[in-house]
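Just so it is clear, none of the values below were taken in a lab; they were calculated from the coordinates. The shown structure was predicted, so the numbers you read here are calculated from the model rather than taken from an experiment. Reconstructed Cβ throughout: ideal geometry from the backbone, glycine too, with neighbour counts over all protein chains shown.
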Number of protein chains: 2
Amino acid sequence: MSTIGFVLYPRFTALDFIGPYEVLSRLPGHRAIVIAESSDPVPAEQGPVAVVPEFTFGNAPALDVLLVPGGPGQLAEMGNETLRAYLRTTAESAALITSVCTGALLLGDAGLLGGKRATTHWLAYEALERLGATPVAERIVRDGNVITAAGVSAGIDLGLLLAAEIAGEEMAKAIQLGIEYDPQPPFDAGSPAKAPAQLVEVMRANARAFFGG
Amino acid sequence: MSTIGFVLYPRFTALDFIGPYEVLSRLPGHRAIVIAESSDPVPAEQGPVAVVPEFTFGNAPALDVLLVPGGPGQLAEMGNETLRAYLRTTAESAALITSVCTGALLLGDAGLLGGKRATTHWLAYEALERLGATPVAERIVRDGNVITAAGVSAGIDLGLLLAAEIAGEEMAKAIQLGIEYDPQPPFDAGSPAKAPAQLVEVMRANARAFFGG
């Protein structure tokens, strides 16, 4: 049985977490658990959504797979020594260390991405680089036992990849069919390479204010 | 300003709701609200996720867009007269009546899909037909002011389509880029037409026990 642990913090982006959780919590014979610094409900970025942690950093079991989602709350967690210590200790024994979106910046802040190829939200590549990683503009990047996914919705793709790793391709395909993941976006603007150039520039300018740099 | 209302009930599927909510709650100048029968936190299908309704059926404002997600809890809501009455009344004035996954069965149970072309989770086509609709095996189906989406993850595609309807294509593309929705599923098994035939058969047999028929 594999234990997959999702580490949440206030103002995580709900879809960063729910995408892979919806996939991985459906794996028969394995368990997906939610872990946070305290046992208080953790509010998502968007108001009414909250998640009740099943474990705290103090009592969580060892993980086979560590997954850190992103979200605007990531910024406030940078330099959180309690979180850093938890991530470092957990990463020592976890088979896979993974993130979605700006969750990668928290892995980096804990010193887990030094010299690694990794990805994050496209607006956070520079922030990732400042933490010692080599940013790669791909949907999912694997370097050794570290697997990082791009922004927000990339967590669904990561979830299916992890499901196959943990329980085999047939099970991953069954879950994909169960959640009818046959995406048909009405527009083709989901990456900076595909979206209108002017839109990309406006969002880059806004993001500099957020991530610094 | 458009008001987009998400109607939740116990054991809704988190991704059915979070997919379109993550898109539509980012529309500047509009509001996405969560509505339920009572003001108690509504637990999702998967344990630790809960959503605190911002309105109840009794005090919710009129909606421009009604959105009903699906999930295993849908079955227990069939025949719920309070929900039926809320959906009927709301649909009278809403510009758009929409659903994700088996949320369509609740629209059907309220008598809102009679004679309409509609879609739902692929395992629920027969159940949808018994409610008077004509099931269509497409990702998103529009018939008049009723827009239904396929299973679970189809809610993200629906969300972007609604975002464009409400605020224009440029805004929808900005949100798509913000959530980096450039899907790259590691497998191509997300619909019954694409998945291995044996897997489809096993899931159909299991579903008959759930939906009846």
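Structure values in brief
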{"read-out": "Total residues in region A:143-155, condition outside any loop (DSSP other than H, G, I, E, B) and within 12 Å of another protein chain (Cβ to nearest Cβ)", "value": "4"}
{"read-out": "Every residue from region A:111-127 that is surrounded by 24 or more Cβ atoms within 10 Å (Cβ to Cβ) and either away from chain B (no Cβ under 14 Å) or over 14 Å from the mean Cα position of the chain (by Cα) (or both)", "value": "A:Leu112, A:Leu113, A:Ala118, A:Ala127"}
{"read-out": "Subset tally (residues that are crowded, with 22+ Cβ neighbours inside 10 Å and of a type in the set (S, T, N, Q)) for region B:138-157", "value": "2"}
{"read-out": "Options B:Leu87, B:Leu24, B:Leu15, B:Leu8; residue that is under 18 Å from the mean Cα position of the chain (by Cα), of a type outside the set (Asp, Glu) and more than 12 Å from chain A (Cβ to nearest Cβ)", "value": "B:Leu87"}
{"read-out": "Condition broken by B:Leu158, with the remaining ones in (1) facing chain A (nearest Cβ under 7 Å); (2) assigned to a helix (DSSP H, G or I) satisfied", "value": "(1)"}
{"read-out": "Residue in region A:162-172 that is of a type outside the set (Gly, Ala, Ser), within 18 Å of A:Thr120 (Cα to Cα) and either outside any loop (DSSP other than H, G, I, E, B) or within 7 Å of another protein chain (Cβ to nearest Cβ) (or both) present", "value": "yes"}
{"read-out": "Qualifying helices (runs of 4 or more DSSP H) (wholly inside region B:10-98; at least 2 residues being surrounded by fewer than 20 Cβ atoms within 10 Å (Cβ to Cβ))", "value": "B:74-77, B:81-93"}
{"read-out": "Selection count, region B:181-213, where residues are part of a loop (DSSP other than H, G, I, E, B) and surrounded by 13 or more Cβ atoms within 10 Å (Cβ to Cβ)", "value": "14"}
{"read-out": "Enumeration of residues in region B:179-196 that are within 7 Å of chain A (Cβ to nearest Cβ) and among the small types (Gly, Ala, Ser)", "value": "B:Ala189, B:Gly190, B:Ser191, B:Ala195"}
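Each row is one residue, and each column tells you yes or no for (1) more than 15 Å from the chain's Cα centre (by Cα); (2) under 24 Å from B:Gly70 (Cβ atoms).
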| site | (1), (2) |
| --- | --- |
| A:Val141 | no, no |
| A:Ala150 | no, no |
| A:Ser153 | no, yes |
| A:Gly159 | no, yes |
| A:Ala164 | yes, no |
| A:Gly168 | yes, no |
| A:Ala174 | yes, yes |
| A:Gly178 | yes, yes |
| A:Pro192 | yes, no |
